[in-house]
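Read the structure below first, then the notes.
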Amino acid sequence: MASFLDNSAALCHNRKGISRHLVAGFLIESGSLEDGRAGPPPKLVDLGECGPADSFSAGTVRATWTYPAASRQVRIYREEWRFLLIEGQPDRYPRENEPLNQWLDGCWGSFRGFEILAGPPAQLTAFVDPLATRPVFFVPTGGGSHVSDKLSTLALNRTEELSPNWPAILEALTLGTLYTTDTSIAQAQQFQPGEVIQFRQDGSVVRGRFEMPLDPELSSHRIAEDPPGTLLAALRRAVAETWVERDSYLLLSGGLDSRLTLSQAGSDRKAMTVTTRENRECRIARDIAGACGARFLHWPRPPEHYVTLLESSFLLTACMWDPLTPHHLGLGVEWRKEGIHEVCNAFLYDTVLKGYFAFPRQKYVSPYLPLHDVLGNSAVIFAEKRSGRSHRATSEFVLQSLTKEARQIAAQRLKELANSMEPAVAGDLDLTLQNRLIGFISRQCHYPLLLGWIEELDVNSPIFHRALWSWARLSPPVAYYEARAFRAALVAAGHPVAGLPDSNTGRSWGRVSRDWRATFRNQAWYPLARTAWRKLRPVSHGSAASGAVYLDEGSWPPLPPLFRTPLGSEALEHGLCLLDGVPLFRKHEVEAILQRFRSGDDAPLEALLSLSALGRWLNYLRSASAGASSGRLPAARRITNAAANHLAGPDAVPPS
C-alpha cells in the first residue's frame with residue numbers, strides 16, 4: 001500500500017495577497033504528477049493570515065489546503081488506507097473506517113470535501129452536499145484534473161490559458177447571476193447538488209449522486225393541517241441541531257428571517273448587525289435582540305468597504321454572481337481578531353420558504369418588461385427584481401455595451417435558458433424560476449452572501465436542515481408564497497418580536513396586501529390599457545437630481561454617491577479600462593454609460609459595477625495563465641488597498 005507523504009511546507013502564494021479576504025480553500029491535483037516526484041508548487045488564492053498550507057500526497061494525487069486555525073468545521077481523517085477532509089456542517093460525521101459512499105448515503109447539511117485512497121493506484125474522490133451549498137469546481141489537465149473550491153485557484157495553477165465562457169458570462173451580466181450549470185471558464189465545471197466524482201488515473205471521471213432524505217417527522221397531511229405550526233416546529237429543530245455553539249453570532253438584519261430564528265433559539269444567545277452607522281436597521285435589530293434576551297453587537301462598516309470589495313470579490317465570484325453581493329467579505333478576518341470565529345446564517349429563506357421567486361401567473365405579459373424584446377413573454381420569469389438585478393434598466397445597459405455579435409450570443413443564451421426551464425404552475429402561482437433555484441441553490445442571486453461567510457468563518461446553517469427543506473417540499477406553495485406561513489408562525493409563536501417593526505420598511509408586520517396588478521394582468525383589456533398608459537408615461541429609468549439626499553437606513557450604504565467619490569470612481573473606472581480591447585464590448589458605448597452615471601443618473605451603476613468586475617476577472621485569467629507574478633501596477637492608477645500586492649496581478653497592466 002502506498003504511503004502518504006505528510007508535507008507541512010509553506011506552499012504559500014503571496015502571504016500578503018488581496019486579501020486578507022480570501023483565507024481558506026483547497027486545491028487537489030490528480031493524475032498530473034509523476035508517481036513519487038513532486039510537481040510545481042501549488043498556489044492557493046489566497047492564504048491571507050492563515051499561515052502555511054498543509055499538504056498530503058499519494059501516488060499521482062496531491063492535496064493542498066488552508067483554513068483558519070480556530071475552525072471547528074474542518075475535520076481531517078488520517079487513516080492508513082485513506083486521507084479524508086470534510087469542511088462544513090454535515091448532520092453527522094463518518095464513523096471509524098466507514099466507507100465514503102456509505103457515509104454520504106442519507107447525509108445532509110452544508111458541507112464539501114475530498115477523499116484520497118492510498119492505493120495503489122491512489123484515487124481521488126470529491127463531493128458536495130445534496131444542495132451544493134459549498135461549491136467545488138474542477139478542470140481537466142494533461143492526463144488528470146485539478147479540483148478546488150475556487151475558479152480563481154484553478155486558473156492560478158494552469159500553465160495553459162483558460163478561455164472565458166462568453167455565453168455564461170453574458171448570461172450572468174444580464175441577469176445578475178448564472179442560472180445555468182456552466183461556469184465563467186469554458187474548461188471548468190461545477191459539482192452539481194449531491195454530486196460525488198471519482199477522478200481516475202487516466203483522466204476520466206465517474207459521477208454519482210446522493211439526495212437529501214425527507215424528514216420522517218413531517219408529512220403532507222400534517223403540514224396541510226397546520227402549515228405555520230409544523231413550520232415553527234421544523235425551525236425549532238433546525239436551530240437546536242445546527243446552531244449548537246453558544247459563542248456563534250447570529251447575523252441579525254431586523255427582517256423576518258433572522259428575528260424568527262433568534263426568537264426560537266432560547267435566551268443568552270449572541271447577535272450581530274452590520275451597518276455603516278447607527279440607523280433604523282441597527283435600532284430595530286437591537287430591540288429584537290433585547291426582546292430575545294440575546295447579547296447584541298453592532299459592527300460599523302465604512303462605506304469605503306464596498307470599493308475594496310469591487311477590487312477583490314471577483315476572485316470569489318468569478319463573475320458568476322454580482323460582485324457586491326458577498327458584502328461581508330473581509331469582515332470575517334476582523335471579527336476573528338475580536339474572538340468571533342463562527343456565525344449563524346438565517347438567510348436564504350427567501351428562496352426556500354418565503355416564495356420570493358414565485359409570482360402570480362400572468363395571462364397577459366407587458367411588452368415593456370426588461371428583456372421582452374429578447375425573450376418575449378418568457379421575460380416575465382426574470383421581471384420584478386427576480387433576476388438578481390435590482391434596477392430594471394441594468395440588463396438594457398449591459399446589452400447596450402455589447403457589439404452586435406455579442407448581443408446575439410447573449411440573446412441566444414437567454415432564450416436557451418428560458419426554454420430549459422420546465423413551466424411549473426400551482427393554482428395561481430408560477431413556480432418556474434423558483435423550482436430551478438431550489439434545484440441548485442448556489443445559483444440564487446443572494447447566495448454569494450454565504451460564499452463570503454464560509455470563506456472566512458465557521459457557519460451554522462439552520463436553513464440547510466432537512467426539516468425545513470422537507471417542509472418546503474411537502475407543503476403547498478401558497479403556504480409559503482409571500483411568507484404567509486412565516487408570518488403566521490411568527491404570530492403563533494407568541495413572541496414579543498412579532499410586535500416590532502420590519503427594518504426594511506420601518507412599519508409593523510401586517511397582513512400581506514393584495515397585489516391588484518396581478519389581477520389586472522389577467523384581464524382581457526390589460527394589453528391595450530398598458531400600451532395606452534405607456535404612451536402617456538414612457539418608461540423612464542430616472543436619475544438623482546443634483547443635491548439629492550440618499551438615505552442610509554439599511555445594511556447597505558447608498559452606492560451611487562460612493563462611486564462618484566475619487567476613491568470609488570477610480571476603482572470603478574479601472575475595471576472598465578481593463579475591458580479595453582475585449583472584442584465583445586463597444587468602448588464608446590461603455591464610455592457613454594459611464595458618462596451618464598457621472599452626470600448624476602444612478603440607473604447605470606449596477607451594470608457598470610458588473611462590467612468593472614468582469615474587466616478584473618478577464619485580466620486575472622490572462623495574468624494567471626501567463627504565470628504573472630510581478631504584481632505590476634498600471635501607471636495611471638495607484639492602488640490604495642491590499643489588492644495591490646496580489647501576486648497573480650488582478651490589477652496588472654491592461655493589454656495594449
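The values are calculated or read from the model by the stated rules, or taken from the named source; none is laboratory data. All figures in this text were calculated on a predicted structure; none of them were measured in a lab. Ideal geometry is used to build each Cβ from the backbone, glycine not excepted, and the neighbour counts take in all protein chains shown. Protein only, heavy atoms only, side chains kept; ligands, DNA and RNA dropped before computing areas. Shrake-Rupley method; radii C 1.70, N 1.55, O 1.52, S 1.80 Å.
Before we move on, is ALA479 within 21 Å of PHE210 (Cβ to Cβ) and part of a helix (DSSP H, G or I)? Answer is no for this residue. Taken over segment 506-537, the residue count meeting the criterion of being within 29 Å of ASP552 (Cβ to Cβ) and modelled with pLDDT of 80 or more is 2.
Summed over segment 266-290, residues that are farther than 22 Å from TYR306 by Cβ and in contact (Cβ under 8 Å) with a residue 60 or more places away in the chain total 3.
So that you can scan it fast, the table gives a plain yes or no per residue for (1) more than 23 Å from the chain's Cα centre (by Cα); (2) among the basic types (Lys, Arg):
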residue	(1), (2)
VAL582	yes, no
PHE585	yes, no
ARG596	yes, yes
GLY600	yes, no
GLU606	no, no
ALA613	no, no
ARG616	no, yes
SER623	yes, no
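When segment 600-624 is limited to residues that are in a loop (DSSP other than H, G, I, E, B) and either modelled with pLDDT of 95 or more or among the charged types (D, E, K, R) (or both), the one that is most open to solvent (accessible area, probe 1.4 Å) turns out to be ASP602.
Per-residue answers, yes or no, for (1) aromatic (Phe, Trp, Tyr); (2) at pLDDT below 90; (3) open to solvent by 10 Å² or more (accessible area, probe 1.4 Å); (4) in contact with a strand residue (DSSP E or B) (Cβ under 9 Å, 6 or more places away or on another chain):
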| site | (1), (2), (3), (4) |
| --- | --- |
| VAL459 | no, no, no, yes |
| LEU468 | no, no, no, no |
| LEU474 | no, no, yes, no |
| VAL478 | no, yes, yes, yes |
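Note on segment 389-410: residues that are over 22 Å from GLN595 (Cα atoms) and open to solvent by 20 Å² or more (accessible area, probe 1.4 Å) total 3. The single condition from (1) open to solvent by 20 Å² or more (accessible area, probe 1.4 Å); (2) within 25 Å of the chain's Cα centre (by Cα); (3) without any contact (Cβ under 8 Å) to a residue 40 or more places away in the chain that LYS415 fails is (3). Candidates GLY631, GLY627: the one that is surrounded by fewer than 17 Cβ atoms within 10 Å (Cβ to Cβ) and either modelled with pLDDT under 95 or not in a helix (DSSP H, G or I) (or both) is GLY627. Taking ASP428, is it among the acidic types (Asp, Glu) and crowded, with 17+ Cβ neighbours inside 10 Å? No; evaluated as a whole, the condition is false for this residue. When we screen ARG62, ARG82, ARG92 for residues that are modelled with pLDDT under 95 and either out of contact with any Asp or Glu (no Cβ under 6 Å at 6 or more places or on another chain) or surrounded by fewer than 21 Cβ atoms within 10 Å (Cβ to Cβ) (or both), the only hit is ARG82. Cβ-Cβ distances below 6 Å connect no pair with a first residue in segment 156-176 that is without any contact (Cβ under 8 Å) to a residue 12 or more places away in the chain, a second residue that is in a helix (DSSP H, G or I) and open to solvent by 30 Å² or more (accessible area, probe 1.4 Å), and a separation of six or more residues or different chains. The set of residues in segment 491-505 that are part of a loop (DSSP other than H, G, I, E, B) and not β-branched (Val, Ile, Thr) comprises ALA493, GLY494, HIS495, LEU500, PRO501, ASP502, SER503, ASN504.
Scanning segment 206-237 for residues that are aliphatic (A, V, I, L, M) and surrounded by 14 or more Cβ atoms within 10 Å (Cβ to Cβ) yields MET212, LEU214, LEU218, ILE223, LEU231, LEU232, ALA233, ALA234, LEU235. Please verify whether segment 173-181 includes one or more residues that are at pLDDT below 95, in a helix (DSSP H, G or I), among the hydroxyl-bearing types (Ser, Thr, Tyr) and touching a strand residue (DSSP E or B) at 6+ places or on another chain (Cβ under 6 Å). Looking through segment 173-181, none of the residues is at pLDDT below 95, in a helix (DSSP H, G or I), among the hydroxyl-bearing types (Ser, Thr, Tyr) and touching a strand residue (DSSP E or B) at 6+ places or on another chain (Cβ under 6 Å). All conditions but one from (1) under 23 Å from PRO558 (Cα atoms); (2) modelled with pLDDT under 95; (3) surrounded by 23 or more Cβ atoms within 10 Å (Cβ to Cβ) apply to PRO303; the one that does not is (3).
Using the structure shown, decide if GLN189 is over 30 Å from LEU232 (Cβ atoms), open to solvent by 60 Å² or more (accessible area, probe 1.4 Å), in contact (Cβ under 8 Å) with a residue 60 or more places away in the chain and in contact with a strand residue (DSSP E or B) (Cβ under 9 Å, 6 or more places away or on another chain). Spelling it out, it is not the case that GLN189 is over 30 Å from LEU232 (Cβ atoms), open to solvent by 60 Å² or more (accessible area, probe 1.4 Å), in contact (Cβ under 8 Å) with a residue 60 or more places away in the chain and in contact with a strand residue (DSSP E or B) (Cβ under 9 Å, 6 or more places away or on another chain). Taking helices (runs of 4 or more DSSP H) as the structural unit, those lying wholly within segment 292-379 and holding at least 3 residues that are more than 30 Å from SER263 (Cβ to Cβ) and in contact with a Pro (Cβ under 8 Å, 6 or more places away or on another chain) correspond to 305-312, 314-317. A residue that is in contact with a Phe, Trp or Tyr (Cβ under 6 Å, 6 or more places away or on another chain) and modelled with pLDDT of 95 or more occurs nowhere in segment 256-264. Scanning segment 575-596 turns up no residue that is open to solvent by less than 40 Å² (accessible area, probe 1.4 Å), charged (D, E, K, R) and out of contact with any helix residue (DSSP H, G or I) (no Cβ under 8 Å at 6 or more places or on another chain).
Out of everything in segment 95-110 that is without any contact (Cβ under 8 Å) to a residue 60 or more places away in the chain and closer than 14 Å to PHE127 by Cα, what residue ends up being most open to solvent (accessible area, probe 1.4 Å)? Of everything passing the filter in segment 95-110, GLN102 is most open to solvent (accessible area, probe 1.4 Å).
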